[in-house]
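Enquirer: Sending over a structure as structure tokens; questions will come in a sec.
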Amino acid sequence: MKADIEYNDVPVTVDYHYEPLIQGTYFDPPEGGFVEVHDILVEGVSIYELVASTHIENLEEQIYDYELDRD
């Protein structure tokens, strides 16, 4: 999946995988509920290797919240 968002006032395109949360039962634990960022593009150029891991984690949280709102 791809999302065009602004991060720190910079327009970026984020290529990611979203796995929705599947609620658990008494016998089965919950599954999923995460976003995994694969690439970050600025004007078509990948900057993934230049972005700190804490910023990637923040992007994953931001996209996960966005996906929860869409569901």
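The values are calculated or read from the model by the stated rules, or taken from the named source; none is laboratory data. Source: prediction; values computed, not measured. Cβ coordinates were reconstructed from backbone atoms using ideal geometry, including for glycine residues, and neighbour counts include every protein chain displayed. Calculation scope for accessible area: heavy atoms of the full protein, side chains included, ligands and nucleic acids excluded. Shrake-Rupley method; radii C 1.70, N 1.55, O 1.52, S 1.80 Å.
Enquirer: Relative contact order of the chain, please, whole-number percent, based on alpha carbon pairs below 8 angstrom and at least 6 residues apart. Show your work: numbers first, answer last.
Expert: Numbers: 93 pairs, mean separation 17.3, N = 71.
The value is 24 percent.
Enquirer: Take peptides 43-51, 9-17 and line them up by average Cβ neighbours within 10 Å, highest first, as a rough protection proxy. Before the final figure, lay out the partial values.
Expert: Values: 43-51: 10.6, 9-17: 13.6.
Final packing ranking: 9-17, 43-51.
Enquirer: Take the solvent-accessible surface of the protein heavy atoms, probe 1.4 Å, and return the percent of it on the chain that carbon and sulfur atoms account for. Please list the in-between numbers first.
Expert: Values: 2700 of 5260 Å².
Carbon and sulfur together cover 51 percent of it.
Enquirer: Any chance you could give the angle, 0 to 90 degrees and rounded to 10, that helix 53-70 forms with the longest Cα principal axis of the chain?
Expert: Rounded to the nearest ten degrees, it is 60.
Enquirer: What translational D, rounded to a whole number of µm²/s, comes out for the chain from Stokes-Einstein when the hydrodynamic radius is the Kirkwood one over Cα pairs, at 25 °C and 0.890 mPa s?
Expert: Working: Rh = 13.1 Å.
Once the numbers are plugged in, D ends up at 188 µm²/s.
Enquirer: Summing -39500 (n - 2.57) over the DSSP H runs of n ≥ 4 in the chain and dividing by its residue number, what mean residue ellipticity at 222 nm do you reach, to the nearest 500 deg cm²/dmol?
Expert: Details: 1 runs with 18 residues, N = 71.
It lands at -8500 deg cm²/dmol.
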